[in-house]
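Written out below as structure tokens is the structure these notes cover.
The values are calculated or read from the model by the stated rules, or taken from the named source; none is laboratory data. Source: prediction; values computed, not measured. All Cβ positions, even for glycine, are placed from backbone atoms using ideal geometry, and neighbour counts span all protein chains on display.
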Amino acid sequence: MRIAFIARATLYTTPGGDTKQIDFTAHYLRTLGVEVDIFPTDKPIDYTQYDLLHFFNIIRPADILGHIEKSGKPYVVSTIFLDYGEYEKKARGGVMKWMNKIFSEDQIEYIKAIARRLKNGEKIGSSKYLVWGHRKSIQYVAKHAGILLPNSESEYRRFAKKYNLEHAYRVVPNGIDEKVAKQVSKRNPKYENAILCVARIEGRKNQLNLIRALNNTQYRVQIHGKPSPNNIGYFEQCKKEAASNIHFSNWLTEEELYEMYHSAKVHILPSYFETTGLSSLEAAVMGCNIVVTDKGDTVDYFGKDAWYCEPDDTRSIKAAVDAAYQAPYNPAFRERILKEYTWERAAEETFTAYKQVLKD
């Protein structure tokens, strides 16, 4: 079986959670005997070499439609269905705040696709996207997929409700690399009992409110990540407001990253939206207590094993960190992650979906 993974053009120039999902899923599919090649959506593909196409990020149908038309191949979609609604309405500033008062979310995504074409040269693969618009394009991609592969039941239900459709799906959980999780990392005094936030630095991840909540507290806070290209100003604002107990890093060796997780006390993602929060899973399995928000699908993964905060309430963020810091670590949570949320399991579920589609 030979599969083509097709993902956004900026998959490696601006890496995110989808980059890790794609790379690890491909790796573990290969261990199952599946041949996998990864293509940015703007690169030519010899479709005849593949049994099936696997797309990622259904919120970017402009990337997908052209490949569907040209290939004539069966396909599946890892939906990775992000919803920027609350962030756009509550925390966005400038032009985007104004646009959100006038246009629907789908209309804004359509405008963004056009803007990426004009500003960054990102291709729109099919003229149908320009004619149909964003919403109808997503509905078309979903309805004609062999199967949808959301990362949780919650994600599928959100998607089905918003786009008024029901379709065959199989939950493929996000995960951690079990081999890495089971390696023993030494403790690093620099991060001992610290508060961590490991994520791309951008408004949706909400590092600025985290800084405002924990400035000049007893906590040593380590924010690790790079700003996305459109959030350089946000990053500068974060650095400007950060007190002396807030520290930034944008590059660590793999060994240092695991030392940081292993040494810290709490990991927090106070995001306005997460389908999972991969760094939360990684930190949890390495011994951190977890603070997240319930915006998105995090409850499906973390349940009662995390502390929850409101992203736009700095007192809520501080209270959740306080509670998580004072609580003992629960080893049963680690065992649950190792059982339910690994990339090996994600690959197995994906492989089962492929066989179902190709059999049908």
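Might you check whether a residue that is over 22 Å from LEU281 (Cβ atoms), at pLDDT 95 or above and not in a loop (DSSP other than H, G, I, E, B) occurs anywhere in the stretch 167-186? Within the stretch 167-186, not a single residue is over 22 Å from LEU281 (Cβ atoms), at pLDDT 95 or above and not in a loop (DSSP other than H, G, I, E, B). Applying a threshold of 7 Å to beta carbon distances and a minimum spacing of six or more residues, or different chains, the list of pairs starting in the stretch 235-252 at a residue that is more than 15 Å from ALA264 (Cα to Cα) and ending at one that is among the small types (Gly, Ala, Ser) and in a helix (DSSP H, G or I) is empty. Of all the residues in the stretch 261-279, those that are part of a helix (DSSP H, G or I), under 12 Å from ILE195 (Cα atoms) and small (Gly, Ala, Ser) number 1.
Count of the stretch 219-247 residues, restricted to those that are under 21 Å from the mean Cα position of the chain (by Cα) and not charged (D, E, K, R), is 12. Inspection of the stretch 226-244 finds a residue satisfying the criterion of being at pLDDT 95 or above, part of a loop (DSSP other than H, G, I, E, B) and surrounded by fewer than 17 Cβ atoms within 10 Å (Cβ to Cβ). Would you check which residues across the stretch 98-143 are of a type in the set (Ser, Thr, Tyr) and closer than 19 Å to PHE81 by Cα and list them? Listed by number, the residues that qualify are SER104, TYR110, TYR129, SER137, TYR140.
Tallying residues that are within 18 Å of PRO189 (Cβ to Cβ) and part of a loop (DSSP other than H, G, I, E, B) within the stretch 245-255 yields 3.
For TYR156, state whether it is assigned to a helix (DSSP H, G or I), more than 30 Å from PHE351 (Cβ to Cβ), assigned by TED's automatic domain parsing to the domain that holds PRO44 and of a type in the set (Phe, Trp, Tyr). So TYR156 does not fit the description; no. Residues in the stretch 280-305 that are assigned to a helix (DSSP H, G or I) and either surrounded by fewer than 24 Cβ atoms within 10 Å (Cβ to Cβ) or free of Cβ contacts under 8 Å to residues at least 60 places away in the same chain (or both): 11 in all. Looking only at residues of the stretch 41-79 that are charged (D, E, K, R) and in a helix (DSSP H, G or I), we find that the one that is modelled with the lowest pLDDT is ASP63.
What are the residues in the stretch 274-308 that are under 18 Å from LEU208 (Cβ atoms) and out of contact with any Leu (no Cβ under 6 Å at 6 or more places or on another chain), if any?
Hits for the stretch 274-308 are GLU274, SER279, VAL291, THR293, LYS295.
Of the residues TYR12, TYR110, TYR28, which single one is crowded, with 21+ Cβ neighbours inside 10 Å, aromatic (Phe, Trp, Tyr) and either modelled with pLDDT of 95 or more or assigned to a loop (DSSP other than H, G, I, E, B) (or both)?
One residue alone meets the criteria, TYR28.
Screening the candidates ALA168, ALA199 for the property of being surrounded by fewer than 16 Cβ atoms within 10 Å (Cβ to Cβ) and in contact (Cβ under 8 Å) with a residue 12 or more places away in the chain yields one hit, ALA168. Of all residues in the stretch 313-328, those being closer than 17 Å to ALA283 by Cβ and surrounded by fewer than 16 Cβ atoms within 10 Å (Cβ to Cβ) number 3. Taken as a whole, the structure places GLU310 among residues that are surrounded by fewer than 22 Cβ atoms within 10 Å (Cβ to Cβ) and outside the structural domain of SER154 (by TED's automatic domain parsing).
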